[in-house]
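Below: one structure, written as structure tokens.
Quick note: the coordinates plus some simple rules give every number you see, no bench work behind them. The shown structure was predicted, so the numbers you read here are calculated from the model rather than taken from an experiment. Positions of Cβ are backbone-derived with ideal geometry, glycine not excepted, and every protein chain shown enters the neighbour counts.
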Amino acid sequence: MVIGMMESKENGAEDVKNSVENGKPPDPAYWAVDDVVNYFKVAGFEEQAGAFKDQEIDGKSLLLMTRNDVLTGLSLKLGPALKIYEYHVKPLQTQHLKGNSS
């Protein structure tokens, strides 16, 4: 499913339309590069999303990224890079592992 179908609500929460399976977002392992870029744009990292496109980070690559990869490999400012890893990459990796262990 395409992540580009998200839209922000007035309260800042993201609404995932037609891309929720069994109450969970689809597995990021199947995201294309554009899905990863759109995910970070919707999450509020419009400026940083281009780095994922430049580095050709698709869902499988995103799930393999380490903290160091995000902090140094994408040439992002430290503040946004820390938030991207801690609040997005790491939780997506955890969600993926939980989803595949059941």
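Stretching Thr94 away from Leu82 to a fully extended chain increases their span by 2.6 nm, per 0.36 nm per residue minus the current alpha-carbon distance. A simple count of charges around Asp35, restricted to other residues whose Cβ falls under 13 Å of its Cβ and scoring Lys, Arg +1 and Asp, Glu -1, yields -1. With a Förster radius of 22 Å applied to the C-beta separation of Arg67 and Asp34, the computed FRET efficiency comes to 0.35. Protection proxy ranking for 63-72, 33-42, using the average of other Cβ atoms within 10 Å per residue and placing the highest first: 33-42, 63-72.
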